[in-house]
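Let me begin by presenting the structure, written as structure tokens, before commenting on it.
The values are calculated or read from the model by the stated rules, or taken from the named source; none is laboratory data. Please read these numbers as outputs of a predicted model, since none were measured by experiment. With ideal geometry, Cβ positions are generated from the backbone for all residues, glycine too; neighbour counts draw on all protein chains shown. When the accessible area is computed, the model is the full protein with side chains, heavy atoms only, and any ligands, DNA or RNA have been set aside. Shrake-Rupley method; radii C 1.70, N 1.55, O 1.52, S 1.80 Å.
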Amino acid sequence: MDLLQVNDLKTYFFTEAGVVKAVDGITFNVEKGCTVGLVGESGSGKSVTAQSVLRIVPRPGKIIGGKIFFNGEDILSKKEDEMRSYRGKKISLIFQDPTSSLNPVFTIGSQLTEIVSQHKGVKKSDAAEEVIKALSLVRLPDPEEALNRYPHQFSGGMKQRICIARALLLNPELLFADEPTTNLDVTIQAQIINLLMELQKNIGLTLVMITHDMGIVTQMCKCVVVLYAGNVMEIGSIEQIFQMPHPYTEALLKAVPRLDQTRKLVSIPGNIPNLINPPSGCRFHPRCQYAIDRCKDEIPPLIDVGDGHMISCHRWRELNGG
Amino acid sequence: MVSLALRKRGSRKGQERRSASQWAVAWRRFKKHKSGLLGLGMVVALILVAIFHSFIAPYPARPDPNAFLPLYEGEAGQPPSWKHPFGTTIIGNDVFSEVVHGTVYTLYVAIGTTLIAMLITVVVGISSGYLGGKIDDLLMRITEVFLVFPSLLLILVFARIYQLINPEPFWNVLGISIPVNLTMIVVIVAVFAWAGNARVIRGEVLALKEKEFIQAAKSLGANSRWIMLRHIFPNILPQVIVIATLTMASAVLVEAVVSFLGFGDPSTITWGRMMEESFQNMSTTWWAEVFPGLAVFFTVLAFNLMGDGISDALNPRLRE
Amino acid sequence: MGLAKYVIRRLLYMIPLILGISIVVFLVMYAAGDPIQIATAGNPSITEAQRQFLREYYGLNDPIPVQYVRWLDHFLHFDFGKSLYGGKPVNEIISIYFWETLKLQLVSILLAFAISIPIGVYSAVKQRSWFDYIFSGISIAGVSFPVFFLGIIFILVFSYQLGWLPSAGAHGAPQLWPVFGIQNPFLDELAHLAMPATVLTLAGLAYNTRLLRAGMLEVLRQDYIMAARASGIPERKILLKYALKNAIMPLITLLGMSIGFAIAGAPATETVFSWPGLGRAYVTAASRLDFPLIMGITMIITIMILVANLITDISYAAIDPRISID
């Protein structure tokens with residue numbers, strides 16, 4: 001069964017310069033207990049998608065269309081109060097930068113117990129108990145001591161552990177991890193990834209891993225959603241996207257540095273498009289090496305090319321010998 | 001106060017030397033900034049009035065005896081009318097004419113003070129930030145002294161001492177008569193108007209110093225003076241422009257206060273002087289008090305609006 | 001435990017600063033001319049012999065360094081000498097005016113601080129709403145409006161036009177100001193305080209709301225605010241607890257600085273309202289070049305500013321755990 005269904009989601013930012021179509025008709029499903037990778041370059045709409053699901057898109061952003069179902073319930077039609085009881089309790093979010101996602105002027109204890117007492121209405125001491133439990137779950141050394149300390153007294157890796165504990169405090173069913181390792185040292189990155197994988201397995205968590213790192217995707221995910229400029233380019237299993245990738249995914253895969261290959265690092269030529277006036281037709285066409293005139297004029301539909309492998313490309317079939 | 005308003009704006013990350021096109025981008029952003037444009041328009045209007053003041057004002061400025069024509073015509077202390085749009089003073093001057101002539105002094109104060117204050121700000125800020133070490137220590141100690149000085153009080157004492165020295169009222173420079181006492185006030189105000197801003201600039205320079213293009217210039221053997229002039233200065237220029245605009249606003253305010261309290265130049269009729277003269281009689285001739293006051297307000301407002309607009313145009317991060 | 005050490009270190013650090021400032025002011029004033037000549041210039045009947053006597057009396061015939069050391073010695077015994085006009089001890093004069101200024105300034109600073117919080121927070125939350133536009137407009141106008149001119153407008157409207165409030169002084173003399181027909185010393189004091197306090201409050205409010213609005217806008221963009229939202233914390237609590245505690249920092253600095261500088265009084269505002277405070281006393285002292293009084297007031301204000309800075313830094317450290325005081 002699908003825990004999360006996102007259907008033609010549109011989230012726009014109404015800035016002074018114009019309307020930024022950050023998420024422009026995104027559709028994908030997340031199966032319960034699965035780890036899904038949400039992949040794309042920065043500015044592709046990954047983070048905004050997660051924020052939309054939690055309905056915490058910052059101003060001047062607004063969800064202007066589409067449907068989001070969580071456990072079959074339409075969460076875009078819920079009242080704000082009811083939605084708030086979902087946040088942290090059923091759906092959680094881990095941010096990219098642990099330093100800026102912890103409030104610098106409150107202790108770890110006060111920030112985390114607040115969440116428990118908010119949702120459960122329990123006493124401070126009971127809430128503290130649960131916080132300590134969560135902190136030990138992410139293997140933060142000396143969790144009791146940590147309650148009275150401030151964020152700046154911890155290292156980046158420890159702060160990210162605290163953030164993970166915060167997200168898991170109320171045993172949510174769905175966890176978005178928004179590039180949780182990007183701001184960390186390489187060795188710490190591996191620790192955090194391992195921790196997430198372990199937690200996912202042990203608690204049976206459904207995890208959406210937002211990243212631009214194809215390496216992390218192959219390590220953690222069963223299924224991948226590839227976004228580009230607010231559109232879905234491709235959805236498929238790891239095998240599918242490696243064997244017969246969308247031209248954009250192919251370009252992303254080439255950009256992954258690999259230890260076992262001496263091949264030159266390829267970065268995708270061109271820049272992320274301006275989302276106020278996105279390119280016509282397929283949004284990737286200005287940077288696509290296979291683009292033809294049709295790609296400029298016609299938006300390719302997202303179609304199932306077999307075994308749940310979804311592709312939005314006019315030329316994919318022909319390029320893959322179909 | 002200027003430095004306070006700016007502290008927040010001081011933090012900006014990675015910026016390379018701004019090319020001409022970056023200035024064009026900032027200008028394009030400024031053109032969309034309604035209140036900033038309004039401020040610019042008001043400043044331009046002020047400059048035009050100052051340039052054409054002798055054509056616009058129906059009566060000449062004191063000490064020209066014709067400034068007292070309304071008195072001879074029996075029109076002293078009259079409320080606003082078609083002939084005297086801002087009314088006349090109790091001693092028989094046309095308030096509108098005096099406000100118009102006052103624009104010249106106001107601009108002189110604004111620009112003069114700002115030029116001197118910014119010169120000190122930039123020199124102290126850059127040398128302190130870039131050279132560091134003992135020079136930095138010394139300059140920052142001096143800056144601290146200036147920051148805790150109750151500056152307005154000292155300005156008043158200086159101004160009073162200078163009034164008593166009683167110099168010749170005007171210098172004649174290339175046919176233009178420069179009011180000596182007002183010039184002294186400009187210098188005094190400027191001397192007390194740089195400390196907070198110099199700290200802001202120093203902070204900017206410290207951040208810039210670590211940038212690669214500065215390191216590169218250094219490794220290519222450029223000397224310190226060259227780097228400060230050619231690399232550091234152009235990069236802090238946007239910040240300097242914003243600070244300068246806001247310094248103009250506060251210079252006009254301070255001069256108005258100094259003159260209003262009776263410490264101004266006795267031989268020039270600035271807006272503050274006009275307010276001082278009419279203060280005792282303001283229950284009867286309120287117009288002689290209110291119109292110069294409004295002139296000060298709109299001038300300061302113009303500079304502040306323009307400063308805000310420039311700041312927003314140069315730091316787009318602050319706007320959504 | 002570190003606090004006492006820190007305070008002592010900071011107090012020691014103030015000594016050279018205070019010495020430096022006193023030397024500069026002393027030199028400037030006493031190099032400017034003969035204070036007795038200036039003080040007696042308006043008195044044609046005075047003889048040179050009398051002037052000489054006065055110089056002797058105030059110790060002005062000694063070399064300037066000797067005078068300075070003597071001044072310093074007195075200063076260390078909290079004695080600022082005597083005014084050149086009337087010979088009243090400077091301490092006495094200052095203590096009279098000090099409390100009137102403190103009363104006026106404390107009322108306005110605290111009011112401005114308290115009122116600015118809801119306005120600043122609401123403006124930031126409702127950025128680009130009509131509320132925000134109106135209050136942003138008012139506050140930039142407020143920052144640009146000369147404070148003493150605002151006082152003048154108030155007097156014109158509320159005293160001369162409407163006759164509601166007294167235009168001058170801190171107390172009714174010879175008779176109390178009637179408030180709704182009641183003559184009562186407390187109401188009289190309030191009536192006199194109303195206009196100058198309102199004017200100074202409005203001026204402070206303009207600065208505070210601008211600062212707080214900018215601070216809130218900056219903080220509301222931070223990830224930890226979104227993280228709090230993502231954890232299901234109610235918006236009200238996010239704004240008034242999580243965001244405000246971060247955004248209020250610059251306001252605390254401003255508050256500390258303004259308390260220091262407030263002791264300097266608002267010379268122009270106090271003059272407009274004939275408020276018997278330190279600012280007005282200073283204006284008078286400066287216009288007569290009453291050097292002992294100027295020195296006394298300057299030193300008092302400088303010390304107040306330094307102490308206020310110290311208190312600001314300590315409270316800063318109390319609010320922001322990232323800042324440590326040792």
TODO: Using only the alpha carbon atoms of the protein assembly as shown, find the Kirkwood hydrodynamic radius as the inverse mean reciprocal pair distance, in angstroms to one decimal.
DONE: 32.5 Å
Task: Rounded to whole Hz, the Karplus (6.51, -1.76, 1.60) HN-Hα couplings of segment B:27-42, x for glycine and proline - done: 5, 5, 5, 4, 4, 8, 8, 4, 5, x, 5, 4, x, 4, x, 5
Open item on the list: Rounded to the nearest angstrom and ordered from largest down, what semi-axes does the equivalent ellipsoid of chain C get from its C-alpha gyration tensor (root of 5λ)?
Closed with: 43, 29, 15
Task: Accessible area expressed per residue, segment B:32-314, with surrounding protein chains retained (probe 1.4 Å, Å²) - done: 41 Å²
TODO: Run the numbers on segment C:110-152: which residues show a drop of 50 Å² or more in accessible area, chain on its own versus all protein chains together, using a 1.4 Å probe over heavy atoms?
DONE: C:127, C:128, C:140, C:144, C:146, C:148, C:149, C:152
Task: Interface burial for B against C (accessible surface, 1.4 Å probe, total of both chains, Å², rounded to 100) - done: 4200 Å²
TODO: For segment B:32-314, give the percent of accessible area contributed by carbon and sulfur heavy atoms, probe 1.4 Å, rounded to a whole number.
DONE: 69 percent
Open item on the list: Is there a quick way to get the dipole size of segment B:169-260? I mean about its Cα centre, with the Cβ of Lys and Arg at +1 and of Asp and Glu at -1; what is the value in debye to the nearest 20?
Closed with: 340 debye
Task: Filter on A:90/C:241; A:62/C:241; A:10/A:67; A:32/A:62; A:89/C:241 - keep pairs with C-alpha separation over 18 Å - done: A:90/C:241; A:62/C:241; A:32/A:62; A:89/C:241
Task: Set of aspartates and glutamates with alpha-carbon distance to residue A:124 below 12 Å, sequence-local pairs under 8 removed - done: A:114
Task: Accessible area per residue, Å², segment A:134-229 with all protein chains present, probe 1.4 Å - done: 38 Å²
Open item on the list: Taking a cut-off of 31 Å, what percent of all Cα-Cα pairs in chain B are separated by more than that?
Closed with: 40 percent
Task: Relative contact order [Cα under 8 Å, 6+ residues apart], chain A, whole percent - done: 20 percent
TODO: Calculate the length of the line joining the C-alpha centroid of segment C:191-252 to that of segment A:1-71, in whole Å.
DONE: 31 Å
Task: Dipole of the protein assembly as shown [Lys/Arg +1, Asp/Glu -1 at C-beta], most positive-end residue of B:87, C:271, A:105 - done: A:105
- [ ] Give a residue-ordered list of calculated ³J(HN,Hα) values for segment A:167-180 (Karplus: 6.51 cos²θ - 1.76 cosθ + 1.60, θ = phi - 60°; whole Hz; x for Gly, Pro).
- [x] 5, 9, 3, 10, 6, x, 7, 10, 10, 8, 10, 8, 6, x
- [ ] Output the residues of segment A:45-62 meeting this criterion: accessible area (heavy atoms, 1.4 Å probe) in the chain alone minus accessible area with all protein chains in place is 20 Å² or greater.
- [x] A:56, A:58, A:59, A:60
- [ ] Determine how many Å³ per residue the convex hull of the Cα atoms of segment A:91-229 encloses.
- [x] 115 Å³
Task: Shape call, segment C:71-190: gyration tensor on alpha carbons, a/c limit 1.5 - done: oblate
Task: Solvent exposure of segment A:54-118 as accessible area per residue, Å², 1.4 Å probe - done: 37 Å²
Open item on the list: If N is the number of residues in segment A:159-308, what value comes out of its Cα radius of gyration divided by 2.2 N^0.38 Å?
Closed with: 1.18
Open item on the list: Need the C-alpha centroid separation for segment B:164-232 versus segment A:139-172, integer Å.
Closed with: 49 Å
Task: Interchain or long-range residues, amide H under 5 Å from residue A:15's placed H - done: A:20
Open item on the list: What is the percent carbon and sulfur in the accessible area of segment A:63-189, measuring with a 1.4 Å probe over the protein chains and ignoring ligands?
Closed with: 46 percent
Open item on the list: In chain A, once you exclude exposed trypsin sites (Lys or Arg not before Pro) (DSSP loop, at most 14 other Cβ within 10 angstrom), what's the longest stretch remaining?
Closed with: A:140-221
TODO: Please give the total accessible area that chains A and C bury against each other, computed with a 1.4 Å probe and expressed in Å² to the nearest 100.
DONE: 2400 Å²
Task: Between segment A:213-244 and segment C:66-81, the Cα center-to-center distance that results, in Å - done: 81 Å
TODO: Mind checking which lysines have their Cα closer than 19 Å to the Cα of residue B:209? Skip sequence neighbours fewer than 8 apart in that chain.
DONE: B:13, B:134, B:218
TODO: Whenever you get a sec, compute what percent of the accessible area on chain C sits on carbon and sulfur atoms (1.4 Å probe).
DONE: 69 percent
Task: Shape call, segment A:183-224: gyration tensor on alpha carbons, a/c limit 1.5 - done: oblate
Open item on the list: On C-alpha positions alone, give me the angle between the axis of helix A:186-203 and the longest principal axis of chain A, in degrees, nearest 10.
Closed with: 80 degrees
TODO: With a 1.4 Å probe on protein heavy atoms only, tell me which residues of segment B:246-273 lose at least 30 Å² of accessible surface in the complex relative to the chain by itself.
DONE: B:253, B:257, B:260, B:261, B:263
- [ ] Binning at 5 Å from 0, report for segment A:51-134 what percent of all alpha-carbon pair distances ends up in each bin.
- [x] 3, 12, 19, 20, 19, 14, 9, 4, 0
